[in-house]
1. Exactly one condition in (1) exposed (fewer than 12 other Cβ atoms within 10 Å of the Cβ); (2) in contact (Cβ under 8 Å) with a residue 12 or more places away in the chain is false for SER97; which is it?
2. For VAL82, work out the one condition from (1) loosely packed, with under 15 Cβ neighbours inside 10 Å; (2) in contact (Cβ under 8 Å) with a residue 12 or more places away in the chain it doesn't fulfil.
3. Filter segment 35-52 down to residues that are surrounded by 13 or more Cβ atoms within 10 Å (Cβ to Cβ) and among the charged types (D, E, K, R), then give me how many there are.
4. Any idea how many residues of segment 6-34 are out of contact with any helix residue (DSSP H, G or I) (no Cβ under 6 Å at 6 or more places or on another chain) and surrounded by 15 or more Cβ atoms within 10 Å (Cβ to Cβ)?
5. Among the helices (runs of 4 or more DSSP H) contained in segment 1-80, which hold 2 or more residues that are at pLDDT 95 or above?
6. Between residues in segment 32-60 that are free of Cβ contacts under 8 Å to residues at least 12 places away in the same chain and residues that are open to solvent by less than 40 Å² (accessible area, probe 1.4 Å), which pairs lie under 7 Å by C-beta distance while being six or more apart or on different chains?
Amino acid sequence: MIHTILCALGLSYAGMASLSLAMDRHHGQVWGRDAAPNVRRALQLAGALLLALAIWPCVAGWSATVGVVAWLGFIGVGALLVALLLPYAPRLLFRSSLLAAVAALAGLVTFLR
């Protein structure tokens, strides 16, 4: 159960961080310049993909109906974590979201079984 929660939360957090870094204002907070159009598009695509993948452990851990509701909750928690961390430590947001994405994607492999 805890594996399901951590995997879904990590994917949601990384997805929301990627979507926020696709915005020029937040990209500028981390790197000091606006995002190039191809970088912005890649961050948007990565964020959408991570958020879509976050439904997998939720549905695998719970039923489809409960999993979808839990997935929406995890997306909200991921957005809240990004909103609380971005103003105070934008570089930490980037590093922690990268770590969360790698760990959650590695944990997602266990759901293939």
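1. (1)
2. Failed condition: (1).
3. Here the count works out to 1.
4. Going through segment 6-34 one residue at a time, the tally reaches 2.
5. 2-21, 37-53
6. Listed by first residue and then by second, the contacts come to ASP34/HIS27; ASP34/GLY28.
The values are calculated or read from the model by the stated rules, or taken from the named source; none is laboratory data. No experiment lies behind these values; they were computed from the predicted model shown. Glycine gets a Cβ as well: all are built from the backbone with ideal geometry, and neighbour counts include every protein chain shown. Side chains are part of the model used for accessible areas, which takes the heavy atoms of the whole protein and leaves out ligands, DNA and RNA. Shrake-Rupley method; radii C 1.70, N 1.55, O 1.52, S 1.80 Å.
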